[in-house]
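Enquirer: Dumping the structure here so I can ask a few things about it.
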Amino acid sequence: MTMRPPVNFDSIALDSMLSDWISALREFSVEAVVVLSPDPFGQRQDRLVAAVHPPRFFDAALALAESEDFGAPWRESDASLVAWQHIGKAESGNTSRWRLLWLAHGFQSVVRVEFPLPSGRAFECFIFSPRQFHDRAEAAALVWSALNIWPLFKRTMAQASSPLSPREGECLALAFEGLTARQTAERLHCAERTVNYHLSNAMAKLKVDNKMSAIQRACWLGVI
């Protein structure tokens with residue numbers, strides 16, 4: 001797994017967004033949020049801690065990313081995109097390190113919302129509370145809040161962490177829509193060779209040798 005700091009550690013805008021989100025969920029006693037992303041340069045099961053707030057829970061978030069819980073096998077099953085669990089009441093024998101760490105911090109409940117990506121990857125949002133939720137409506141409210149904040153959060157996260165320039169990302173996004181380099185050039189009012197230049201740079205930065213793979217990795221980064 002590639003080791004890199006969570007994006008919000010270097011992005012005031014993203015960290016403030018997480019802080020405000022947690023404050024808005026005060027009635028549900030939410031005290032921590034973790035966002036996991038696929039590792040665009042790793043294996044299918046590899047996940048990164050894209051964001052965690054408050055920062056002091058980074059080690060617990062990292063343990064969650066390194067666990068097999070909710071990972072590739074989960075996405076290959078018929079499991080739902082939303083999960084609500086009492087952390088201390090896992091299946092018999094499941095004493096995952098992440099569970100022990102979050103329990104040690106005093107947390108009892110976690111709500112997970114998955115945002116699927118191509119090729120079996122996904123962004124995953126985990127919302128933690130020291131309370132045990134007994135009413136399904138409480139968990140549903142947290143899911144609804146995640147669905148509402150996600151578009152802005154994803155865009156802000158991509159802007160803060162993407163290795164691509166805005167023009168490179170734009171060219172890949174148009175390629176994702178099915179436009180050829182010539183059509184993209186017409187859309188952007190530039191020369192076709194300029195589009196190909198941006199696509200070539202994007203492929204180099206994303207460490208791939210073809211446009212389709214670059215599009216896929218751009219999706220995993222949240223750029224598209």
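The values are calculated or read from the model by the stated rules, or taken from the named source; none is laboratory data. What you see is a predicted model, and the numbers here were worked out from it, not measured in a lab. Heads up, the Cβs are rebuilt from the backbone with ideal geometry, glycines too, and the neighbour counts pull from every protein chain shown. The area values use the complete protein model at the heavy-atom level, side chains included, leaving out ligands, DNA and RNA. Shrake-Rupley method; radii C 1.70, N 1.55, O 1.52, S 1.80 Å.
Enquirer: By its C-alpha gyration tensor, with a ≥ b ≥ c as the square roots of the eigenvalues, how is the range 40-85 shaped: rounded for a/c under 1.5, else prolate for a/b larger than b/c, else oblate?
Expert: Note, shape of the range 40-85 comes out oblate.
Enquirer: Charges on Cβ only, +1 for Lys and Arg, -1 for Asp and Glu, centred on the Cα centroid of the chain; of Asn196, Leu100, Gly169, which one is farthest towards the dipole's positive end?
Expert: Asn196
Enquirer: Net charge near Ser162: determine it from the other residues with C-beta under 15 Å of the C-beta of Ser162, scoring Lys and Arg +1 and Asp and Glu -1.
Expert: +3
Enquirer: To continue, here is another question. Simple spin-label model, 7 Å along Cα-to-Cβ: Phe58 to Asn148 in nm?
Expert: 3.1
Enquirer: Over the chain, what is the relative contact order in whole percent, taking alpha-carbon pairs under 8 Å and six or more residues apart?
Expert: 19
Enquirer: Classify the range 104-147 as rounded, prolate or oblate from the Cα gyration tensor: take a ≥ b ≥ c as the square roots of its eigenvalues, call it rounded if a/c is under 1.5, otherwise prolate when a/b beats b/c and oblate if not. The partial results should precede the final answer.
Expert: Working: a/c = 3.34, a/b = 1.69, b/c = 1.98.
The shape class here is oblate.
Enquirer: Using just the C-alpha positions of the chain as equal point scatterers, what log10 of I(q)/I(0) does the Debye formula give at each q in 0.11, 0.13, 0.15 1/Å?
Expert: Debye intensities relative to I(0), on a log10 scale: -0.58, -0.77, -0.97.
Enquirer: Further, regarding this structure: Helix-derived [θ] at 222 nm for the chain: sum -39500 (n - 2.57) over DSSP H runs of at least 4, divide by residue count, nearest 500?
Expert: So the helix-based figure for the chain works out to -14500 deg cm²/dmol.
Enquirer: Angle check, please: helix 136-161 long axis (alpha carbons) against the longest principal axis of the chain (alpha carbons), in degrees 0 to 90, nearest 10.
Expert: 40
Enquirer: Give the carbon-plus-sulfur fraction of the accessible surface of the range 134-201 in %, rounded to a whole number; probe 1.4 Å, heavy atoms of protein chains only. Numbers along the way, then the final one.
Expert: On the way: 2120 of 4000 Å².
C and S atoms contribute 53 percent here.
Enquirer: Continuing with this model, one more query. Give the value in nm², to one decimal: projected area of the alpha carbon convex hull of the range 160-224, averaged over all directions.
Expert: 3.8
Enquirer: In degrees, nearest 10, range 0 to 90: what is the angle between the Cα axis of helix 211-221 and the longest Cα principal axis of the chain?
Expert: 30
Enquirer: Report the Stokes-Einstein translational diffusion coefficient (µm² s⁻¹, integer) for the range 93-192, Rh taken as the Kirkwood radius over Cα pairs, at 25 °C with viscosity 0.890 mPa s. Spell out each step's value before the answer.
Expert: Working: Rh = 17.2 Å.
Estimated diffusion coefficient is 143 µm²/s.
Enquirer: Taking Cα atoms, how many degrees apart are the long axis of helix 192-205 and the longest axis of the chain, rounded to 10 and kept between 0 and 90?
Expert: It is inclined by approximately 40 degrees.
Enquirer: Moving on to the next point. Compute the projected area of the convex hull of the Cα atoms of the range 62-141, averaged over all viewing directions, and report it in nm² to one decimal place. Write down the numbers at each step before the final one.
Expert: Working: hull surface 22.3 nm².
If I average the Cα hull's projected area over directions, I get 5.6 nm².
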